Structures are given as structure tokens and as C-alpha cells.
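First the structure, in the form of C-alpha cells, and then the observations on it.
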Amino acid sequence: MSNNKLETERQRGEKAKLLLEEPLFKEAFDLLKEEYQSAMFQTKHNDDDVRKALWQAYHITDKVENHFKTVMETGKLATVQLNQLKQNST
């Protein structure tokens, strides 16, 4: 992988880490999950479509959060690779 690609991945990872550690960002994900879960449990027995939509929304929230975690971990790996390249070039 080229140095430019690794540097881009490193930068993206740092941005994702900042977002994941941002209290307002964390609060938003926690609040959404809580609201979706609560709404799911408040549906009536015949509200299958509503329950399905809420279930999907809950899990989409997880997928978005996990995407940021994946970008952050990729950035960490890129940092390690960049450091190894620097050590090997000296």
C-alpha cells in the first residue's frame, strides 16, 4: 500500500476516533438506540410493520457506529505500517 493511501487511512482513523470519543456523538447513538428499543417494546402485538422498522433502525444505528470503529481500527493499522516503513527507510 502506498504511503499516501496509508496516510489517508491514518487521518480517517484519527477523525473517527475523535467522533467516537465525542460525548455528543456517543449520546446521540445511545439515545437513538434507547428510543428505538423503547418504541419496539411499546408496539401492539399486531404492529409487525412498525416493529420491523424500529428493529431495522436500531440495527442500522449499530452499523453506522461500527463503521466508525472499523475506520478507526484501520487508521491504527495504517499508523503501525507507516511507522514500520519509516524505520525500514532509515
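Odds and ends about this structure:
- Labels on offer are (i) -1.06; (ii) -1.26; (iii) -1.38, and the one holding log10 I(q)/I(0) by the Debye sum over Cα atoms at q = 0.24 Å⁻¹ computed from this structure is (i).
- Qualifying trypsin sites (Lys or Arg not before Pro) in the chain, where qualification requires a DSSP coil assignment and no more than 14 other C-beta atoms within 10 Å, comprise K44.
- Multiplying the residue separation of E22 and S89 by 0.36 nm and subtracting their alpha-carbon distance yields 20.5 nm.
- Label-to-label distance, nm, for residues given as D30 and D47 (7 Å Cα→Cβ offset): 2.5
- Under 14 Å from K63, Cα to Cα: aspartates and glutamates that are on another chain or at least 8 residues apart: D30
- Per-residue extension of 0.36 nm, minus the Cα-Cα distance of A39 and T8, leaves a gain of 7.2 nm for this segment.
Values in this text are rule-based calculations from the coordinates and carry no lab data. Predicted, not measured: the structure shown is a model, and the values here were computed from it. Using ideal geometry, Cβ is built from the backbone for each residue, glycine included, and neighbour counts are taken over all protein chains shown.
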